[in-house]
Each structure stands twice: as C-alpha cells, then as structure tokens.
Amino acid sequence: MPAVKTHFQDLPVTLDPAQRLEIAHQHFDVSALPVQQQLLRFMAPWDAHRILREIVLLIADAFGEQAGLRGSKPALARAMAFDLARRYVHANLRDDDLSPDHVVESLGISRPTLYRLFQHDRGLAAYIRHTRLRAAADELVAFPGVPVQDIGYAHGFKSASDFTRAFRRAYGLAPQDIRQSHTGMRAHHNRL
C-alpha cells in the first residue's frame, strides 16, 4: 500500500472509499476532541467554514460515488456554497437586514463567488426578493385574516407600497387580488 499522507485529498485514489475514510479517521486525534470543541467557541466564522468544508469534502470523497456525487471537487464546493447560501436566505427571510452584503458577511463567501452562484436567478438580491414574495404569496392565501401590509412587513419589505409594487411586478396581480381570487376559487369548490 502506498504511503498515507495527512490530508484526505492526498489519499491514494485507488483505495476503496471506505478504506480512504478509515485512513483519514486514523489521522483524526480523538483524544484532542474536547480541546477542539472548546476551540470551536472562539473560532472565526471563516475558519469554521473552512474546516466544515474540508469535512464535507472528505465525506464526499469517501462516499461520493455511491451517493451519486460526480464531478470535480470545485464543482462540489460550488454546490455546497450555493446550498449553504440558499439555506441561509430561507432561514433569515424575515430579517429586515437580509441582503447580499449580509449573506457575504455572515457566510464568509466572497462576493464574486456568490454572484456567480446566483447568476441564473439574476443575482442574489433577485433571489432574495423572489423568495420573499413567494413566501408572502403563500401566507396571503393561508392566512386571509392577516392584513396584507403585515405580511409584507413580516417578509422584509419596508413599506406596503414597496411590497405591492414588487408583488405586482412579479405576479401581475396586487397582493389583495391573489387573496380574493383564491377565496373565490375556494368558495366555488365548496359549492360543488
């Protein structure tokens, strides 16, 4: 067997994925785990992100083929960054300060990388706006007793007019109209 190196990306490709994970595990000092857990509390976000990325790449490297993860490590890293950013947006959708700058700062992903990841959505700002509008549309239908402007404010819009304008631009209807059309369809369905 070839010499084992300390970084998982240097492990021999000819090894079975489970063997590669076992070799990598042998290099992880379990006795240092309590110390590492203490260090995590004081770790800078970008260091934590880097370490997490290496762990995920190790797992993907070991089991990627069986899991259907094909492609290069950079492609996998881009997919992970996109998923991380997308999840962050969804988790912070109601935060008034959610913006591309806030995502860049919070996740430690470079601005150019984030813009490339979301270019198919016309940028991260457009993705955030669309996701907020979609969630607001769902709530308009689900909660007909909640005032429209409250739903707009709850989804990060600064004013009722901003919300109505963005909603109309995206869906061709005012928020009140979608609520009324859904209520009308429900009443028609109940009569049948």
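The values are calculated or read from the model by the stated rules, or taken from the named source; none is laboratory data. What you see is a predicted model; the values in this text were computed from it and never measured. Heads up, the Cβs are rebuilt from the backbone with ideal geometry, glycines too, and the neighbour counts pull from every protein chain shown.
Side notes on the structure shown:
- For segment 96-114, a residue qualifies if it is of a type in the set (A, V, I, L, M), in a loop (DSSP other than H, G, I, E, B) and closer than 24 Å to Lys158 by Cα, and exactly one does: Leu98.
- Boolean, Asp162 is under 27 Å from Ala48 (Cβ atoms) and surrounded by fewer than 16 Cβ atoms within 10 Å (Cβ to Cβ): no
- Residue, farthest from Leu124 (Cα to Cα), within segment 78-95, restricted to residues that are in a helix (DSSP H, G or I) and of a type outside the set (A, V, I, L, M, F, W, C): Arg78
- Taken as a whole, segment 115-122 holds no residue that is in contact (Cβ under 8 Å) with a residue 24 or more places away in the chain, of a type in the set (D, E, K, R) and not in a helix (DSSP H, G or I).
- Pairs, first modelled with pLDDT of 90 or more in segment 153-175, second basic (Lys, Arg) and surrounded by 17 or more Cβ atoms within 10 Å (Cβ to Cβ), C-beta under 7 Å, six or more apart: His155/Arg132; Ala166/Arg129
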